[in-house]
1. Give the stretch 30-43 a look and list any residue that's surrounded by 15 or more Cβ atoms within 10 Å (Cβ to Cβ), touching a residue at least 24 places away in the same chain (Cβ under 8 Å) and not in a loop (DSSP other than H, G, I, E, B), or say none.
2. Please verify whether Ile70 is among the aliphatic types (A, V, I, L, M), at pLDDT below 95 and within 25 Å of Glu32 (Cβ to Cβ), treating the condition exactly as stated.
3. How about the stretch 113-134: which of its residues are hydrophobic (A, V, I, L, M, F, W, C), part of a helix (DSSP H, G or I), modelled with pLDDT under 90 and surrounded by 16 or more Cβ atoms within 10 Å (Cβ to Cβ)?
4. If we scan the stretch 64-79, do we find a residue that is assigned to a loop (DSSP other than H, G, I, E, B) and in contact with an Asp or Glu (Cβ under 8 Å, 6 or more places away or on another chain)?
5. With (1) at pLDDT 95 or above; (2) of a type outside the set (A, V, I, L, M, F, W, C); (3) touching a Ser or Thr at 6+ places or on another chain (Cβ under 8 Å); (4) surrounded by 17 or more Cβ atoms within 10 Å (Cβ to Cβ) as the list, and Ser46 as the residue in question, which single condition is left unmet?
6. Restricted to the stretch 80-112, and to residues that are in contact with a Phe, Trp or Tyr (Cβ under 7 Å, 6 or more places away or on another chain) and outside any helix (DSSP H, G or I), which residue is modelled with the lowest pLDDT?
7. Tell me, yes or no, whether the stretch 12-28 has at least one residue that is at pLDDT 95 or above, more than 14 Å from Lys53 (Cβ to Cβ) and either of a type in the set (Lys, Arg) or surrounded by 11 or more Cβ atoms within 10 Å (Cβ to Cβ) (or both).
Amino acid sequence: MNKAMLSQAPRRGDGEALLHAIRQYDMWFVEERLRKDRLISDSEISAAVAQFKDFMYLNAIGYSKLNMPIRQVDVVWHTFLLFTREYAEFCDRYIGGFVHHVPTTSRSRTAPSASGAQSFLEVYKEVFGESLHPVRAENSHATCGSDCDSCRASMRETLSLPLSSLSSSAV
C-alpha cells in the first residue's frame, strides 16, 4: 500500500526526518476501517491517527516501554494490527522492528497504573515540547494549558475507559 513511502523512509538516526516520514505515512486503510466499523467517531479519527504516529515515533527513538493510555489511539493501534503486512513493514522500516501490543489482563504480573500513563504523557511533553490532550470529538486538542482542572479531569476520564466500551468487532 505504501511501498514507495517505505522505500524512501529515512534511517532512524535522523530524528526530524524520521518524525516527518512517520507523520506523512498514509494510513488511509486504517482510517477507512475505523469509519466502517464505527470504532471511534469520525471527528476523532484524524487526531487519534496523528497521536498514534507520534507514539510510534517515541518507540522508534528508544521509548519502547511506554503504554498507550488513550483509548482512541489504542483503537487505531488495534485496527492497524489487523493489516499485518502493512503494520509489520511500517514497524520494520520506521521503528526498527515489530512493536508488539501487550495488553494488560487480569493475569498480568503488574496491574495497569496511572504511572504508565503518566510516563507516556511526560515523555510526550519532553520530546515534543507540549502537553498531549486526550482526543476529543469536538476539539482534538484543548487550547488551555495542560494544568487546568478540566484537562486533568478529561484525561482521567479518557485513561479509565474500559475495553468493554469498544464494539465487539474490535476485540
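1. Val30, Arg33, Leu34, Asp37 - these are the residues of the stretch 30-43 that are surrounded by 15 or more Cβ atoms within 10 Å (Cβ to Cβ), touching a residue at least 24 places away in the same chain (Cβ under 8 Å) and not in a loop (DSSP other than H, G, I, E, B).
2. Values: among the aliphatic types (A, V, I, L, M): yes; at pLDDT below 95: yes; within 25 Å of Glu32 (Cβ to Cβ): yes.
So Ile70 passes the test.
3. The answer is Ala117, Phe120, Leu121.
4. yes
5. The number of the failed condition is (4).
6. Residue satisfying both the conditions and the ranking: His101.
7. no
The values are calculated or read from the model by the stated rules, or taken from the named source; none is laboratory data. Given the structure is predicted, the values throughout are model-derived calculations rather than measurements. When we count neighbours, we look across all protein chains shown, and the Cβ atoms used for this are built from the backbone with ideal geometry, even at glycine.
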